[in-house]
Amino acid sequence: MENISLVLSGGGSRCLFQLGVIKYLEESNINISAISGSSGGAIIGSLIASGKTSIQVLEMIKEINFKKLVKFNYFKNGFFHLRDANVFFDDLLEIKNLEELPIKMFITAVDLASGEIIYFDKGRISPLVMASSSLHPVFTPFKYQDRFYIDGGFMNNLPIEPIKKLNLSQKILAINVNPLFESKRKKWSFSSTMKRSLYLMFNANIQVRVKETDIYLEPKEIARFSIFDTKCFDICFNMGYKFAKDNLGL
């Protein structure tokens, strides 16, 4: 059995593409020995690292009522908060702490006060996932152990560094579900400008890390789906499986 390490970008609903790739790895008898993820990639990664299969994770995510979990924050330092989502995700997890996972897992978040990129490999999984997913100003910064954190993708949306430090003699497969594309938009609203600016910021820090990967997957066609589209889960999953089958050749 071949071993591989995974680096998973954030990307909301698009991260179901990553699950499809993992499904192909499972069928190809490829063992995942370490995972590093930001935002949505941290959610997918932590569930896989807990020992669940790609299909089990897919079904779990499809059962979630996101409208009930993401609550309006009345414009208090963010449009929505993730406190209820944190409680739900913690109840969902059978293993509560990163250091207890059977697969080594790193969760990336940005310390709002210090500006540091933090690669967590110890601590309570659920609040760290929420911290990593706090895409400000959509979501309010998430408090963990008296520090406030925002989405890891702001500064590192392809967190390969903690995997490299493990010095494992295996290939690193990185999956980015935020491909760069030229916008055809003629008019720009506040919302569309904000989304585009965030997208460009996230993409810029990805490009400097691509050369550090052994295998890099960046599906262009995934760009047609919004990161908040909860109806595209099966499509993105199947797209990831087919993309891996066509491009990895394992």
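Here are a few things to note about the model shown:
- Heavy atoms of the protein chains alone define the surface here; on that basis the range 153-228 has 58 Å² accessible area per residue at 1.4 Å probe size.
- Dipole in debye (nearest 20) - the chain, about Cα centre, beta carbon charges: Lys, Arg +1; Asp, Glu -1: 1020 debye
- Cleavage-rule hits (chymotrypsin sites (Phe, Trp or Tyr not before Pro)) in the range 163-224: DSSP loop, at most 16 neighbouring Cβ within 10 angstrom: 181, 188
- GluC sites (Glu not before Pro) within the range 163-250, DSSP loop, no more than 16 other Cβ atoms inside 10 Å: 182
- When +1 charges are put on Lys and Arg Cβ atoms and -1 charges on Asp and Glu Cβ atoms, the dipole computed for the range 163-244 relative to its Cα centre reaches about 340 debye.
- Measuring between alpha carbons in the structure, the pairs from 171/242; 122/195; 143/231; 104/143 lying more than 27 angstrom apart are 122/195; 143/231.
- Within the shell defined by Cβ-Cβ distances under 10 Å, the residues around residue 171 carry a net charge of -2, with Lys and Arg each +1 and Asp and Glu each -1.
- Long-range HN-HN contacts of residue 148 with modeled amide H, under 5 Å: 112, 113
- Based on DSSP H segments of at least four residues, each scored -39500 (n - 2.57), the chain has a per-residue ellipticity at 222 nm of -10500 deg cm²/dmol.
- For residue 91, the accessible surface of its heavy atoms amounts to roughly 110 Å² (probe 1.4 Å, protein chains only, rounded to the nearest 10).
- Across the range 151-157, rounded Karplus estimates of 3J(HN,Hα) from the backbone phi angles (6.51 cos²θ - 1.76 cosθ + 1.60, θ = phi - 60°) give 3, x, x, 4, 10, 7, 9 Hz, Gly and Pro being marked x.
- Each residue was assigned an accessible area with a 1.4 Å probe, and for residue 146 the value is about 120 Å².
- Segment residue 215-residue 245, extension gain: residue separation times 0.36 nm, minus the distance between their alpha carbons: 9.4 nm
- Taking all protein chains as shown and a probe of 1.4 angstrom, residue 171 keeps an accessible surface of around 100 Å².
- Ordering 90, 229 by accessible surface, largest first, gives 229, 90; the 1.4 Å probe counts only protein heavy atoms, with every chain in place.
The values are calculated or read from the model by the stated rules, or taken from the named source; none is laboratory data. Not measured: the values here are computed from a predicted model. Note that each Cβ is placed from the backbone with ideal geometry, even for glycine, and that neighbours are counted across all protein chains shown. SASA here: full protein model, heavy atoms, side chains in, ligands and nucleic acids out. Shrake-Rupley method; radii C 1.70, N 1.55, O 1.52, S 1.80 Å.
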